[in-house]
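Everything on this sheet refers to the single structure shown next.
Derivation of every value follows stated rules applied to the coordinates shown; laboratory data play no part. This is a predicted model, so every value here is computed, not measured. FYI the Cβ positions are ideal-geometry reconstructions off the backbone, even for glycines, and counts take in every protein chain you see.
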């Protein structure tokens, strides 16, 4: 395409007016030898997000949805309209640090045109380093990586995710039925199956209001805080990713253990005072959800494995044996669940 740009920044927005300005300002502050566009999909916000964009950022390509479609569909729509060789999927509550675009372009241009990339993530509420990418335990629970410099990981956080457009199209984008949470896990694991690695760069990093959109998902005063809604989406979607991406032999071994551990986790949360109603909302929908989406799961799995370039053993080498939830329980105690 003669009019192709280098970067298409895709920002999904729903009622993010209080922090969207900072996000967009950080994008337009990027300087360097590259061309880019900014797309914002407003998901039927009820605040003044649209007015803010139209008045202060008229150069934004605004996709104004008349109905709330969810994070995955929002990004799929922007990716379809994008003109860039690379997509930067950026949360509306994330703030890029100076030099982010230049770092991405430089690394991608040096032999990594087909790699998914991420940056170190810092929490805006306290300035602490959150992660430099993630590995996983066998049950698809993320384990934060803190290695210095450029390094390969299983997944980079979806709050600031650089995806070559060619890789996005090969995967087919996000599953529309995911809604939100763990979509970055799916994308990076699907990419790994197709032979595309994920790297996290050593700098400059980005700052993130973690938990602004769905609540929770962060450690405050050494205690983990989360919400029922986040846990509902997380548990069901991670299970779906396992079904789509794990080799068959791994599924046969791991799925029964996964189901048993989820049952024990539900029991522990009830005994620790979370309440039967909250626990039921989190764990009861998992099996019905997987069954309802079984055709889509089977179709995606078949397509990925038909194009697979990564051996089963190599794919599973990034997974750790110690359950991460047990580690978090020992470190922070029972989570605060809202």
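With a ≥ b ≥ c taken as the square roots of the eigenvalues of the C-alpha gyration tensor of region 253-332, please select rounded if a/c is under 1.5 and otherwise prolate if a/b is larger than b/c or oblate if it is not?
oblate
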| said: Could you tell me the relative contact order of region 1-93? Use alpha-carbon pairs under 8 Å, at least six residues apart, and round to a whole percent. | reply: 47
| query | Can you sort 104, 315 so the residue with the fewest Cβ neighbours within 10 Å comes first? | reply | 315, 104
| said: Could you list 167, 290, 40 so that the one with the fewest beta carbons within 10 Å of its beta carbon is first and the one with the most is last? | reply: 290, 167, 40
| field | Cα long-axis angle, helix 248-271 against the chain (0 to 90 degrees, to the nearest 10) | value | 80
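Taking only C-alpha pairs under 8 Å that are 6+ residues apart, what is the relative contact order of region 5-208 in percent?
Averaging sequence separation for qualifying contacts and normalising by length gives 26 percent for region 5-208.
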| query | Taking square-rooted eigenvalues a ≥ b ≥ c of the alpha carbon gyration tensor, is region 1-86 rounded, prolate or oblate, where a/c under 1.5 means rounded and, failing that, a/b exceeding b/c means prolate? | reply | oblate
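Please tell me the relative contact order of region 92-185 in percent, rounded to the nearest whole number, where contacts are Cα pairs under 8 Å and at least six residues apart. Let's see the in-between values first.
Working: 93 pairs, mean separation 23.3, N = 94.
Taking the mean separation of contacting Cα pairs over the length of region 92-185, I get 25 percent.
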| request: With both partners inside region 5-208, how many of the DSSP beta bridges are antiparallel, as a percent to the nearest 5? | output: 45
| field | Folded to 0 to 90 degrees: helix 71-81 orientation relative to the chain principal axis, Cα | value | 30
| field | Separation between Cα centres of region 139-214 and region 47-115, rounded to whole Å | value | 15
| request: Quick one: grab the alpha carbon gyration tensor of region 75-122, order the square roots of its eigenvalues as a ≥ b ≥ c, and give me rounded if a/c is under 1.5, else prolate or oblate depending on whether a/b is larger than b/c. | output: oblate
| request: Read through the labelled values (1) 54, 43, 40; (2) 56, 41, 37; (3) 64, 52, 30 and report the label of the one computed as Cα extents along the principal axes in Å from the structure. | output: (1)
| message | Which residues does the label zone of residue 203 cover in region 83-119, counting backbone N under 20 Å from a point 7 Å along Cα→Cβ? | response | 95-110, 117-119
| Which of 261, 287 has the fewest Cβ neighbours within 10 Å, and the rest in rising order | 287, 261
| said: Once each part is reduced to its C-alpha centroid, what is the distance from region 307-332 to region 241-289 in angstrom? | reply: 16
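Looking at region 112-202, what % of its DSSP beta bridges pair antiparallel, to the nearest 5? Kindly include the intermediate steps, with their values, before the conclusion.
Numbers: 10 of 13 bridges.
Roughly 75 percent of the beta bridges in region 112-202 run antiparallel, per DSSP.
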